[in-house]
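See structure below.
The values are calculated or read from the model by the stated rules, or taken from the named source; none is laboratory data. Everything numeric in this text was worked out from a predicted model, so none of it was measured. Heads up, the Cβs are rebuilt from the backbone with ideal geometry, glycines too, and the neighbour counts pull from every protein chain shown. What goes into the accessible areas is simple: the full protein's heavy atoms, side chains included, and nothing from ligands, DNA or RNA. Shrake-Rupley method; radii C 1.70, N 1.55, O 1.52, S 1.80 Å.
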Amino acid sequence: EAVAANQRALSLNRFLIEPRLNLARIALSRGDPKTAVQLYSENLKIVPHELRSFALLWSALVDAGQLEPAEKMVADLRRRRPDA
């Protein structure tokens, strides 16, 4: 039911951040980090500096052993914000 409700919310407004965060949490709880990474990435395309999506994407990448893209995210952040 939660998946359907969040997908419905996105069908009504594809720019919402929260439904994707919720769907990503569900995907992770089901052992599907690839879907979670995709959902977090979509959020960052909509709102590039959305902190929760950034942090959760980084964490999902590290948990999935995808260290190269995780390191790239940190390097990009350090270029944009030297105080990060």
- With each label point set 7 Å from Cα along the Cα-Cβ vector, what nm distance links ILE17 and ALA75? 2.6 nm
- Item | Relative contact order [Cα under 8 Å, 6+ residues apart], the chain, whole percent | 18 percent
- Note on the structure: Sequence order, the range 8-22: Karplus ³J(HN,Hα) from phi using 6.51 cos²θ - 1.76 cosθ + 1.60, θ = phi - 60°, Hz rounded, Gly and Pro as x, gives 5, 4, 5, 5, 7, 8, 6, 8, 6, 8, 4, x, 5, 4, 5
- Note on the structure: Given unit charges at Cβ for Lys, Arg (+) and Asp, Glu (-), the dipole magnitude of the chain about its Cα centre in debye, nearest 20, is 200 debye
- Query: Each residue of the range 31-43 in turn: what ³J(HN,Hα) in whole Hz from Karplus with 6.51, -1.76, 1.60 and θ = phi - 60°, glycine and Pro shown as x?
  - Reply: x, 10, x, 4, 5, 4, 4, 4, 5, 4, 5, 4, 4
- Query: By its C-alpha gyration tensor, with a ≥ b ≥ c as the square roots of the eigenvalues, how is the chain shaped: rounded for a/c under 1.5, else prolate for a/b larger than b/c, else oblate?
  - Reply: oblate
- For the chain, give the percent of accessible area contributed by carbon and sulfur heavy atoms, probe 1.4 Å, rounded to a whole number. 57 percent
- Add -39500 (n - 2.57) for each DSSP H run of 4 or more in the chain, then divide by its residues: what number comes out at 222 nm, to the nearest 500 deg cm²/dmol? -24000 deg cm²/dmol
- Can you give the accessible area per residue of the chain, in Å², using a 1.4 Å probe? 69 Å²
